[in-house]
There are 2 protein chains.
Amino acid sequence: MTTHFEATSRTRLRRRPARGAYDEASVFAILDAGLIAHVGYAEGGAPRVIATAYWREGRTLYWHGAAGSQALRAQAGGIPVCVTVSHLDGLVLGRSGFAHSVLYRSVMAFGNTHEIESREGKRRAMDAFLERLYPGRTREIRPVHDAELDMIAVIALPIDEASAKVRGGGVNEKEEDLAGPGWAGVIPVETRLCAVRTDERVAGVALAASVGAYAEGAGLGAVLAKNARTHPA
Amino acid sequence: MTTHFEATSRTRLRRRPARGAYDEASVFAILDAGLIAHVGYAEGGAPRVIATAYWREGRTLYWHGAAGSQALRAQAGGIPVCVTVSHLDGLVLGRSGFAHSVLYRSVMAFGNTHEIESREGKRRAMDAFLERLYPGRTREIRPVHDAELDMIAVIALPIDEASAKVRGGGVNEKEEDLAGPGWAGVIPVETRLCAVRTDERVAGVALAASVGAYAEGAGLGAVLAKNARTHPA
């Protein structure tokens with residue numbers, strides 16, 4: 001079994017090949033640090049991009065929504081999609097406008113969707129999603145009802161092609177600009193967890209063990225990545 | 001001049017209309033709090049989604065990149081795109097799996113792209129982008145070189161249709177589940193600025209005034225939104 005995605009005409013980075021990676025470890029690390037994907041597909045011949053929560057199992061991505069959703073109805077039939085996940089890591093200011101940039105990690109994944117149609121398939125998928133986010137959560141709450149499963153659609157995307165693209169580092173500047181005026185550097189950014197807001201109707205119920213890793217000030221990506229490692233879907 | 005986008009068959013929210021908005025203020029507030037958009041388009045008949053930094057001027061979105069970029073070459077010719085900007089605001093845990101959700105703000109914008117071809121047009125656009133991000137920045141650094149303008153492509157998207165979708169609030173749960181076991185509540189998340197990393201080659205140069213608003217711990221969205229209000233592009 002290969003641990004690389006084959007670099008294809010649509011995934012191979014042409015301009016800055018050093019920023020690209022096609023190995024599973026690089027691609028999965030970026031996917032596993034994320035919660036929201038942007039799914040592009042055609043509807044009535046026109047492009048459409050929906051933001052959706054997703055999760056990964058092996059080389060397959062999943063997302064779900066209301067069974068009646070126009071987007072999910074389109075995807076359920078099996079259509080080509082491009083799923084892009086991106087993390088903004090910082091702003092770069094150079095001594096020239098040209099050297100201003102952003103730091104990021106991103107993945108583009110291509111494939112054809114299909115729907116998980118059976119109740120048992122949907123139940124397994126949704127439980128896996130909950131456990132992937134909040135390890136142990138399915139044992140803290142009641143089982144999902146059949147009627148609830150009937151209200152959702154679960155879409156699977158076996159990844160056919162994927163690439164990762166990462167811009168790290170600092171200011172990339174031409175030698176001749178180094179003497180120029182103005183501050184230069186990086187402003188890192190991170191998506192962090194804030195203090196939990198307990199629902200007032202469960203006052204007195206202890207914070208769930210499954211939520212323990214989501215500590216105030218922790219990086220969301222780090223928590224998601226760790227849970228993916230310790231409790232893969 | 002209308003201050004609403006017309007709700008069309010592809011922007012009107014059908015399932016949860018209360019979450020949708022079509023007025024400029026709602027759409028622009030979400031766009032102005034963001035830096036990275038996901039641009040969906042067709043390339044060779046297949047969907048493709050690129051993550052890119054963007055900015056807004058009135059009802060037009062802009063982004064740029066290397067002139068030789070395959071994506072920008074495709075968009076320069078004038079093609080239909082869907083630009084989606086999303087902000088993740090929190091994780092919602094309910095007492096049922098079904099009530100688990102996320103808090104978000106998002107915008108979908110549709111239109112046809114065109115390229116800003118002239119050097120003067122590109123210079124103006126890129127300066128506006130810098131000023132929109134870092135008010136006063138263009139006066140802190142040297143002017144952009146013609147050769148640099150020739151190396152980039154600038155894409156404009158006059159927005160034809162747009163809608164905002166916002167999921168705020170807390171746990172939406174069925175009455176019958178309120179007595180269930182398990183903690184319930186919201187884990188808010190926010191993209192925050194970290195301490196700046198000054199480029200070691202400008203040691204001794206004071207932090208630029210244009211960067212002053214990017215204080216450690218501030219929310220990136222709040223800083224971007226404020227700069228858009230006080231220094232619109």
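The values are calculated or read from the model by the stated rules, or taken from the named source; none is laboratory data. Please read these numbers as outputs of a predicted model, since none were measured by experiment. Glycine also receives a Cβ, built like all others from the backbone with ideal geometry; neighbour counts cover every protein chain displayed. Heavy atoms of the whole protein, side chains included, go into the accessibility calculation; ligands, DNA and RNA do not. Shrake-Rupley method; radii C 1.70, N 1.55, O 1.52, S 1.80 Å.
Before moving on, here are some points about what is shown:
- The residues of segment A:103-233 have, on average, 44 Å² of accessible surface per residue, using a 1.4 Å probe with all protein chains present.
- Alpha-carbon Rg with Dmax, taken over chain B, Å: 20.4, 67
- Integer Hz, Karplus 6.51/-1.76/1.60 couplings in order for segment A:15-29, x for Gly and Pro: 6, 10, x, 5, 7, x, 8, 10, 7, 4, 4, 5, 5, 5, 4
- Solvent-accessible area of the protein assembly as shown (1.4 angstrom probe, protein heavy atoms only): carbon and sulfur portion equals 53 percent.
- Counting all C-alpha pairs of segment B:65-106, share separated by more than 15 Å (%): 64 percent
- Under 5 Å, built H, 5+ apart or other chain: amide partners of B:E161: B:F110
- Between copies, the label points at A:A18 (set 7 angstrom from Cα along Cα-to-Cβ) are spaced 5.4 nm, reported in nanometres from shortest to longest.
- Debye intensity ratio in log₁₀ form over the Cα atoms of segment A:1-90, taken at each q of 0.14, 0.25 Å⁻¹: -0.61, -1.40
- Karplus-derived 3J(HN,Hα), 6.51/-1.76/1.60, for each residue of segment B:52-66, Hz, glycine and proline x: 8, 5, 9, 8, 10, 10, x, 9, 10, 9, 10, 8, 8, x, 5
- Reciprocal of mean inverse Cα separation for the protein assembly as shown (Kirkwood radius, Å): 23.0 Å
- With N the number of residues in segment B:51-189, Rg(Cα) / (2.2 N^0.38 Å) evaluates to 1.48.
- Buried solvent-accessible surface, both chains (A, B), 1.4 Å probe, Å² to nearest 100: 7100 Å²
- Think of each Lys and Arg Cβ as +1 and each Asp and Glu Cβ as -1; about the Cα centre, that makes the dipole of segment A:1-118 roughly 660 debye.
- Ascending list, in nanometres, of distances separating the A:R142 label from those of the other copies (7 Å, Cα toward Cβ): 6.9
- Excluding same-chain neighbours fewer than eight residues apart, the aspartates and glutamates reachable from B:K226 by a Cα-Cα span under 12 Å are B:D32.
- Computed from point charges on the beta carbon alone (+1 for Lys and Arg, -1 for Asp and Glu), the dipole magnitude for segment B:150-233 about its Cα centre is near 360 Debye.
- Accessible area of segment A:28-74 divided out per residue, in Å², using a probe of 1.4 angstrom: 28 Å²
- Distances in nm from B:L207 to the matching label points in the other copies, shortest first (labels 7 Å along Cα to Cβ): 2.9
- Cβ neighbours within 10 Å from other chains - mean over A:205-216: 3
- Protection proxy ranking of A:25-38, B:208-221 - average other beta-carbon atoms within 10 Å, highest first: A:25-38, B:208-221
- Average beta carbon contacts from partner chains per residue of A:131-141, 10 Å cutoff: 3
- Dividing the summed helix terms, -39500 (n - 2.57) for each DSSP H run of n ≥ 4, by the number of residues in the protein assembly as shown produces a 222 nm estimate of -6000 deg cm²/dmol to the nearest 500.
- Cβ crowding within 10 Å averaged over residues, with A:88-94, A:122-128 ranked highest first: A:88-94, A:122-128
- Look at the dipole of chain A built from charges on Cβ: of A:V171, A:N112, A:A67, the Cα furthest out on the positive end belongs to A:V171.
- For segment B:132-227, radius of gyration divided by Kirkwood radius, i.e. Rg to Rh on alpha-carbons: 1.16
- C-alpha center-to-center spacing [segment B:1-76, segment A:188-211] in angstrom: 32 Å
- Peptide B:156-162, shielding by other chains (average Cβ, 10 Å cutoff): 0
- For A:K174, the lysines whose Cα falls under 30 Å of its own Cα, not counting residues fewer than eight places away in the same chain, are A:K165, B:K122.
- Dipole size of chain B about its Cα centre, with +1 on Lys/Arg Cβ and -1 on Asp/Glu Cβ: approximately 240 debye, rounded to the nearest 20.
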